[in-house]
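A short reminder: the numbers here are calculations on the coordinates, not readings from a lab. Computed from a prediction, not measured in an experiment: that's the story for all the values here. Neighbour counts run over all protein chains shown; Cβ positions are idealised from the backbone, glycine included.
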Amino acid sequence: MLCLSSLDKTAPKDQTDTMTFSAIVVAAGSGSRAGSGTPKQWREVGAKPVARWSVEAFFAAGAKSIVLVVPPGDMHLAEEIFRDLKDLAIVPGGAERADSVSAGLSALAGDAPDVVMIHDAARPFLKMVHIQALLADLKHAEGAILALPVADTLKRAQADGAVITVPRDGLWRAQTPQAFRYKTLVDAYAAWPGDSPPTDEAVVIETAGGRVRLTPGDPALMKLTYPEDFYMAEALAGSARVTRVGQGVDAHRFGPGDGVWLCGVKIAGERTLIGHSDADAGLHAITDAILGAIGEGDIGDHFPPTDAQWKGAPSHLFLSHAAELVRRKGGKLINVDVTLICERPKIKPHRQAMRETLAALLDLPVDRISVKATTTEGMGYTGREEGLLAQAIASVETPA
Ligand code: MG
């Protein structure tokens, strides 16, 4: 699993570089004020359920583990929405927010992280910079929470109809995530007096005598509460994701054999492609293109040719690994385009089978997969039929 230090190599070496963090995303409310009948965490923004945005952002930032706390009656729905994210734990919540957070903390107890971040699922536009800022501020306090200074003039309505102005100096609006050392928060919850439930986690730490630091928040992290909030969220959704492109190139030499593997399809013949694995240059180029799009090095970094376990390995293993890394980064593959450059074998008769094989391996519709072929008209090593060259491009959408 990634850690923050591998994502931000420019950060100075300090304690936070090696701290692990896990996240509890609280989606256990009924969200009735947001209208529409569907709880707001399951309503779609930017063609995606609201709760999914935060889960993907935590995956992208390298969380050790992520727990999503949902209403007990929505377990089945949540498992369906997140069925592709096998590393996500989904647990039923309780009547109060604090009960749901406790359920999340218990779910993490078996493999406790250094830091836990508690986050409202109704704040979808979480970014890696928010998470990094909280981790940095935790060096100076028992807790760090995202918060915004109050900009509006505040009024208090009196029972008799009079209005008084409340000084706003020093007043901040608390957002989430709220970050704490895991053990500190568990201990503070255990010590909570219990006359009424806490409205956030920071107050639990404050009551236990801990210091909570205010980390500059972000207006885009607004909590979706009322129907009109969803119009604003739709407008923000476009800038919360980025499209990335990667390219991959691979070549293998021909030798005597009984056929070649290309794009996951075996084409019978009198030659094979020579390599440590099954030498499927098509799959290797696509794998490198996907790894390139998410900045995860190349196929040799993940499957060293010096490692005996990959000898003769079917290359779909490499491709599936790259696709899994995309998912773990909260990303989504958009399309793949590969060109096979050779005089023989003729690719066209096998093209549709290759597209269908790739579509199944990558869980994409066939029209998102392109397989093309060309020759070099007898020129160069592909023209002399010494070897085959493959080039691929992949595009991926990830959290910004
Ligand atoms: Mg290769």
* **Stretch gain in nm, segment A159-R384, where the contour uses 0.36 nm per residue and the Cα spacing is subtracted** => 71.9 nm
* Using a Förster distance of 30 angstrom, determine the FRET efficiency expected from the C-beta separation of R83 and A313, and round it to 0.05. => 0.65
* Structure fact -> Out of L171, L358, L154, a Gaussian network model of the chain with alpha-carbon springs under 10 Å gives the largest mean-square fluctuation to L154
* **Using a Förster distance of 25 Å, the FRET efficiency for T375-I274 (Cβ separation, nearest 0.05)** => 0.75
* Structure fact -> Output ordering of 253-262, 344-353 (per-residue mean of other Cβ within 10 Å, highest first) is 253-262, 344-353
* To do: Could you pull out the trypsin sites (Lys or Arg not before Pro) across the range 176-244 that fall in loop regions by DSSP (anything but H, G, I, E, B) with no more than 12 other Cβ atoms inside 10 Å?
  => R211
* To do: May I ask for the percentage of alpha-carbon pairs in the chain that lie more than 32 Å from each other?
  => 46 percent
* **FRET efficiency, 1/(1 + (r/R0)^6) with R0 60 Å, evaluated for E44 and K346 via beta carbons** => 0.85
* Asked: What are the ³J(HN,Hα) values, in whole Hz, obtained from phi via the Karplus relation 6.51 cos²θ - 1.76 cosθ + 1.60 with θ = phi - 60°, for each residue of the range 343-355 in sequence order, with x given for Gly and Pro?
  -> 7, 9, x, 5, 8, 3, x, 10, 4, 5, 4, 5, 4
* Would you please put 63-76, 300-313 in order of how densely packed they are, using the mean number of other Cβ atoms within 10 angstrom per residue and starting with the highest? => 63-76, 300-313
* Structure fact -> Amide H contacts under 5 Å for R271, restricted to residues at least 5 apart in sequence or on another chain and with H modeled in the peptide plane, are G257, G259
* Please label the shape of the range 94-159 as rounded, prolate or oblate, based on the square roots a ≥ b ≥ c of the eigenvalues of the alpha-carbon gyration tensor (a/c under 1.5 means rounded; beyond that, a/b larger than b/c means prolate, else oblate). => oblate
* **Under 5 Å, built H, 5+ apart or other chain: amide partners of K223** => none
* Net lengthening on full extension, D195/S106 (0.36 nm per residue, minus Cα-Cα) -> 29.9 nm
